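Notes follow the structure.
The values are calculated or read from the model by the stated rules, or taken from the named source; none is laboratory data. Keep in mind that this is a model prediction, so the values were computed, not measured. Don't worry about glycine lacking a Cβ; one is built from the backbone with ideal geometry, like all the others, and counts go over all protein chains shown.
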């Protein structure tokens with residue numbers, strides 16, 4: 001019984017071995033060689049390069065202005081909303097209660113009228129006193145009047161002239177008081193002290209404000225912004241050494257300032273890199289010991305972009321905003337011509353950098369591995385200090401499929 005049970009299993013093993021032996025007798029067909037990778041090759045080119053250094057910076061409001069009242073009183077009306085665009089000396093921000101100031105102006109005008117009347121009165125008194133003096137003088141010369149009457153007429157004229165001078169001074173003082181009262185009444189309307197954006201109001205309606213002390217609101221100018229960034233001590237020394245060596249023009253000379261460009265996070269650059277940059281206008285005179293950095297600043301115009309609104313009127317938006325993070329590119333030497341290749345052509349192996357160069361070989365083009373010494377990276381290009389010439393053909397794409405000494409097919 002046990003032998004019968006084992007027969008099917010033994011038969012299966014025997015058939016399997018026979019099949020295997022039959023297969024081994026016929027070798028598999030060889031695989032075709034892989035197609036060489038198709039690549040793009042470009043010659044290195046001499047490119048104008050303005051040496052630069054990049055820093056991380058931010059945009060700040062230039063010279064924000066705080067609106068303060070010129071008169072004390074109660075805020076009768078707030079005429080703007082937080083965040084409104086305002087125009088200097090045209091946009092009304094607050095109205096201070098005018099009742100007392102209108103009363104002061106009416107009183108001042110009345111005082112001026114009274115002073116003018118007094119002045120006219122003393123002009124008439126002087127004329128009368130002068131006529132009396134003339135009569136006394138004639139009578140005294142004819143012997144019809146004594147010296148005492150003549151002296152009295154002289155004294156009366158002098159007193160009247162003195163009273164006229166007092167009236168004139170009183171009128172001038174009253175006129176000055178009227179002018180001040182009129183100015184105070186005008187100051188009850190608080191206009192925007194600058195063109196820009198009104199931030200959050202610091203005083204509510206019915207609040208009491210004090211002249212030249214209470215802060216009403218801060219206005220942030222938007223047509224110009226500051227770009228601010230920090231430079232570490234080593235970089236500051238690097239610039240100073242090259243300026244002293246004449247490799248960089250002295251930035252303290254207004255004719256040769258260091259220029260800079262800013263790039264937003266979306267990649268847009270102001271001004272365009274092919275245009276002159278903005279001049280750096282301030283260097284912090286000291287390095288802050290806590291951070292080991294020096295603050296640098298440059299001023300950038302903030303252009304408007306106009307677009308039609310729903311009501312058919314144009315609305316304007318600013319391209320830059322205070323608080324934006326930016327990359328600041330600062331000139332670091334004189335312009336020069338450098339040999340460049342596309343940034344995509346250079347790849348690392350350990351601490352070194354390499355490119356693939358297309359070289360003719362038996363049966364077609366092959367890829368040779370070439371070590372290069374890279375320089376600055378700019379505008380998608382890498383400056384090459386050594387390792388290449390303009391006659392070389394450098395592989396710029398499909399690098400993952402390229403191998404040293406392997407065949408490549410160059411796109412025509």
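Is there a residue in segment 335-342 that is exposed (fewer than 11 other Cβ atoms within 10 Å of the Cβ) and either within 24 Å of the chain's Cα centre (by Cα) or within 30 Å of residue 60 (Cα to Cα) (or both)? Within segment 335-342, one or more residues are exposed (fewer than 11 other Cβ atoms within 10 Å of the Cβ) and either within 24 Å of the chain's Cα centre (by Cα) or within 30 Å of residue 60 (Cα to Cα) (or both). Scoring residue 361 on the criteria (1) surrounded by fewer than 18 Cβ atoms within 10 Å (Cβ to Cβ); (2) closer than 30 Å to residue 256 by Cβ; (3) touching a residue at least 40 places away in the same chain (Cβ under 8 Å) leaves a single failure, condition (2). Looking across segment 304-343, the residues that are in contact with a strand residue (DSSP E or B) (Cβ under 9 Å, 6 or more places away or on another chain) and outside any strand (DSSP E or B) come down to 309, 319, 320, 321, 322, 323, 324, 332, 333, 335, 343. Suppose the filter is touching a strand residue (DSSP E or B) at 6+ places or on another chain (Cβ under 7 Å), within 28 Å of residue 258 (Cα to Cα), modelled with pLDDT of 90 or more and outside the structural domain of residue 280 (by TED's automatic domain parsing); does residue 384 pass it? The answer is yes for residue 384.
Within segment 71-108, being assigned to a helix (DSSP H, G or I), in contact (Cβ under 8 Å) with a residue 60 or more places away in the chain and surrounded by fewer than 16 Cβ atoms within 10 Å (Cβ to Cβ) holds for 102, 107. Number of residues in segment 384-412 that are in a strand (DSSP E or B) and surrounded by fewer than 19 Cβ atoms within 10 Å (Cβ to Cβ): the value is 5. Residues that are closer than 23 Å to residue 62 by Cα, touching a strand residue (DSSP E or B) at 6+ places or on another chain (Cβ under 8 Å) and touching a residue at least 40 places away in the same chain (Cβ under 8 Å) are absent from segment 235-247 altogether.
Do you know which residues across segment 155-180 are more than 30 Å from residue 109 (Cβ to Cβ) and surrounded by fewer than 14 Cβ atoms within 10 Å (Cβ to Cβ)?
Passing the criteria: 155, 158.
With a requirement of 2 or more residues that are within 20 Å of residue 100 (Cβ to Cβ), the strands (runs of 3 or more DSSP E) lying completely within segment 130-223 that satisfy it span 189-191. Residues that are under 30 Å from residue 278 (Cβ atoms) and in contact (Cβ under 8 Å) with a residue 12 or more places away in the chain do occur in segment 182-192.
Of the residues that make up segment 305-322, is at least one closer than 23 Å to residue 266 by Cβ, buried (at least 16 other Cβ atoms within 10 Å of the Cβ) and modelled with pLDDT of 95 or more? No; the residues of segment 305-322 include none that is closer than 23 Å to residue 266 by Cβ, buried (at least 16 other Cβ atoms within 10 Å of the Cβ) and modelled with pLDDT of 95 or more. Evaluation of residue 326 against the conditions (1) surrounded by 19 or more Cβ atoms within 10 Å (Cβ to Cβ); (2) at positive phi shows that the sole unmet condition is (2).
Scanning segment 264-303 for residues that are more than 14 Å from residue 227 (Cα to Cα), free of Cβ contacts under 8 Å to residues at least 60 places away in the same chain and assigned to a strand (DSSP E or B) returns a single hit, 288.
Confirm whether residue 124 is at pLDDT 95 or above, assigned by TED's automatic domain parsing to the domain that holds residue 158 and assigned to a helix (DSSP H, G or I).
No, not satisfied.
Has segment 238-260 got any residue that is closer than 25 Å to residue 64 by Cβ and assigned to a strand (DSSP E or B)? Yes, because at least one residue in segment 238-260 is closer than 25 Å to residue 64 by Cβ and assigned to a strand (DSSP E or B).
Just to be sure, is residue 378 under 30 Å from residue 223 (Cα atoms), surrounded by 11 or more Cβ atoms within 10 Å (Cβ to Cβ) and outside the structural domain of residue 279 (by TED's automatic domain parsing)? Spelling it out, residue 378 is indeed under 30 Å from residue 223 (Cα atoms), surrounded by 11 or more Cβ atoms within 10 Å (Cβ to Cβ) and outside the structural domain of residue 279 (by TED's automatic domain parsing). The residues of segment 329-365 that are in contact with a helix residue (DSSP H, G or I) (Cβ under 8 Å, 6 or more places away or on another chain) and on the phi > 0 side of the Ramachandran plot amount to a single one, 333.
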